[in-house]
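These notes are about the structure you will find just below.
Read-outs throughout are calculated quantities, based only on the coordinates presented, and are distinct from any laboratory measurement. Fair warning: this is a prediction, and the values are worked out from it, not measured in the lab. With ideal geometry, Cβ positions are generated from the backbone for all residues, glycine too; neighbour counts draw on all protein chains shown.
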Ligand code: ATP
Ligand code: ZN
């Protein structure tokens, strides 16, 4: 049995549970419970505050966990990281009141900055040769300048709308973060094997998210040219159509290359192009 710690309720919770479900792991989720056991995989889920997750994993109370890199690095626990998970993307940024003039980081020399991430901020300021007074506060950081607590703030930003509504302007990006899977360094062989199985499933889910299945019809004389445009997992599958002289080509394309490929396929004579999502992808 492997113990996974995830955030009980917050911005990581929903996507963490979604990932586990997409891995085919079933469990009964109750917001009132502190832990739950999967009904079809040797996994127990503990629901905790995100800040407590690295410590619990380091102590071995939980074997693995999902947490933001911002929290992991702030707590000095980077060594627990196994891999990035690609969700809960955000950044830690410095912001100043929008009416203040600001041209570079050296403008913060001697100023006071409110944040919940003093270590990450201190590292950044030191790297940039700036000395400032850091006020550590645990929440509502964005109101600090308006109540006179600090000249600037360093806080989590995703779209920037919270900053704007508090009359602030983002001036420096300090740290980029996303959810990360962490693990205790001393897992026994049985737990390590379960973790490997879980990672195998996570990779299949992640690959599928980036890939699209593409089907198209093409005149036979264009198959070669069109195949060149469809790298796919290996090479495209080619099936004859009922209509003579035509074939159906099936392949996989990367989401990032998608529009560019579609244009080229049309130019090469492809018709009836269908693009469909892939649920899991094992290579
Ligand atoms: P807890 O009650 O568990 O301590 P919290 O209030 O500290 O929760 P949340 O606001 O739920 O934390 O954020 C959890 C994590 O989600 C953050 O540490 C960060 O990694 C990520 N995150 C925070 N804000 C955003 C956002 N706006 N967009 C995307 N991810 C975010
Ligand atoms: Zn927290």
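Can you give me the relative contact order of the chain as a percent, contacts being Cα pairs under 8 Å and 6 or more apart? Normalised by residue count, the contact order of the chain is 18 percent.
Label reach from residue 209 (point 7 Å along Cα→C-beta): in the range 241-276, amide nitrogens under 17 Å belong to 254-257.
Dividing the convex hull volume of the Cα atoms of the range 211-277 by its residue count, what figure in Å³ per residue is obtained?
On the way: hull volume 4.8 nm³, N = 67.
With only Cα atoms used, the range 211-277 gives 72 Å³ per residue.
If you average the C-alpha positions of the range 141-220 and of the range 14-45 separately, how far apart do those two centres end up, in angstrom? Using only Cα atoms to place each centre, the spacing works out to 20 Å. Extending 7 Å from Cα along the Cβ direction at residue 189 and again at residue 259 yields two label points whose distance is 5.3 nm. Here the calculated FRET efficiency for residue 21 and residue 266, from their Cβ-Cβ distance with R0 = 51 Å, stands at 0.85, rounded to the nearest 0.05.
Taking 0.36 nm per residue of sequence separation and subtracting the Cα-Cα distance, how much length would be gained by fully extending the chain between residue 161 and residue 111, in nm to one decimal? Can you show the working numbers first?
Working: separation 50, 0.36 × 50 = 18.00 nm, distance 2.43 nm.
Taking residue 161 through residue 111 to full extension adds about 15.6 nm, to one decimal.
By its C-alpha gyration tensor, with a ≥ b ≥ c as the square roots of the eigenvalues, how is the chain shaped: rounded for a/c under 1.5, else prolate for a/b larger than b/c, else oblate? Taking the square roots of the gyration eigenvalues as a ≥ b ≥ c, the chain is oblate. Place a point 7 Å from the Cα of residue 103 along the Cα-to-Cβ direction; which residues of the range 113-136 have their backbone N under 18 Å from it? Within reach of a label on residue 103, which here means backbone N under 18 Å from a point 7 Å along Cα→Cβ, the range 113-136 contributes 130. A Förster distance of 51 Å, applied to the separation of the beta-carbon atoms of residue 239 and residue 147, puts the FRET efficiency at 0.15. Take every Cα pair under 8 Å whose residues are at least 6 apart in sequence, average their separation, divide by the length of the range 90-177, and the relative contact order is 49 percent.
How would you classify the range 90-177 from its alpha-carbon gyration tensor, with a ≥ b ≥ c the square roots of the eigenvalues: rounded for a/c under 1.5, else prolate if a/b is greater than b/c, otherwise oblate? Provide the component values of the computation, followed by the final result.
Numbers: a/c = 1.29, a/b = 1.17, b/c = 1.10.
Verdict is rounded for the range 90-177.
GNM remark for the chain: springs join alpha carbons under 10 Å apart, and the peak mean-square fluctuation among 204, 183, 242 falls on 242. A Förster distance of 45 Å, applied to the separation of the beta-carbon atoms of residue 228 and residue 30, puts the FRET efficiency at 0.30.
Once a ≥ b ≥ c are taken as the square roots of the eigenvalues of the Cα gyration tensor of the range 32-191, is the result rounded (a/c under 1.5), prolate (a/b larger than b/c) or oblate (a/b not larger than b/c)?
Numbers: a/c = 2.77, a/b = 2.18, b/c = 1.27.
Note, shape of the range 32-191 comes out prolate.
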